[in-house]
Amino acid sequence: MATGHTDPHRRARILAATLDLIVEEGVAGVSHRKIAARAQVPLGSMTYHFSGIDDLLREAFTGHADHFVALFEQHLGEASTPDEAREAVTDLIHTLSKGPGRDLVLTQELYTLAARHEPYRVLCRTWMRRSRELLEQHFSARTARQLDALIEGLTLHRALDDAPPDRELTREAVARITGAAP
């Protein structure tokens, strides 16, 4: 194994291994030993880079939330009209729901932690606030809050349903929430 001096990507590998392990075993299956083995780093690297397992989990999940915010930015960033923004939200829902099952599992694991532990609730609230701020560039604050919940719900339903809602149903739901319903 490489030493810390010749392995500048060790921290990133640990974070990636943490998320991979969560996908496979859930948060309950995570340990320093398992993560170190998966990341191919000495066990001592875990406490060198992170103050404890909670510190590691919060940073790994923060990276996961940042990934989702980047997707919001990517989809909403080029919309310049309300109709383009509505279509961007529709595209976002369909992109998130057909994306890797990995993202769905990580998100649900984070929500479960947030239901039990305040630091993860803070992380989720920060993520929701950032998502809503991007939506608020195109919609009122109340509408952005509703759209954010719709995005979460339809993404989950599309990912898990045997007959997921089609694009037209998604487009109609977005239109209803944004006051452009037919």
Looking across the stretch 162-182 at residues that are in a loop (DSSP other than H, G, I, E, B) and open to solvent by 40 Å² or more (accessible area, probe 1.4 Å), the single one that is modelled with the lowest pLDDT is Pro182
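In the stretch 87-107, is there at least one residue being of a type outside the set (Phe, Trp, Tyr), assigned to a helix (DSSP H, G or I), touching a His at 6+ places or on another chain (Cβ under 6 Å) and farther than 25 Å from Ala60 by Cα?
The answer is yes; a qualifying residue exists.
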Residues of the stretch 113-161 being at pLDDT 95 or above and either polar (S, T, N, Q) or in contact with a Gly (Cβ under 7 Å, 6 or more places away or on another chain) (or both), in sequence order, are Thr126, Ser131, Gln137, Ser140, Thr143, Gln146
Test result for Asp83, at pLDDT 95 or above and either in contact with a strand residue (DSSP E or B) (Cβ under 7 Å, 6 or more places away or on another chain) or under 30 Å from Glu168 (Cβ atoms) (or both) | yes
Here the residues within the stretch 120-146 that are part of a helix (DSSP H, G or I), open to solvent by 60 Å² or more (accessible area, probe 1.4 Å) and not hydrophobic (A, V, I, L, M, F, W, C) are Arg121, Arg125, Arg129, Arg130, Glu133, Arg142, Arg145, Gln146
If you go through Ile22, Ile53, Ile14, the only one that is closer than 22 Å to Leu123 by Cα and open to solvent by 10 Å² or more (accessible area, probe 1.4 Å) is Ile53
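The values are calculated or read from the model by the stated rules, or taken from the named source; none is laboratory data. These numbers were taken from a predicted model, which means no experiment stands behind them. Using ideal geometry, Cβ is built from the backbone for each residue, glycine included, and neighbour counts are taken over all protein chains shown. Only protein heavy atoms, including side chains, enter the accessible area calculation; ligands, DNA and RNA are left aside. Shrake-Rupley method; radii C 1.70, N 1.55, O 1.52, S 1.80 Å.
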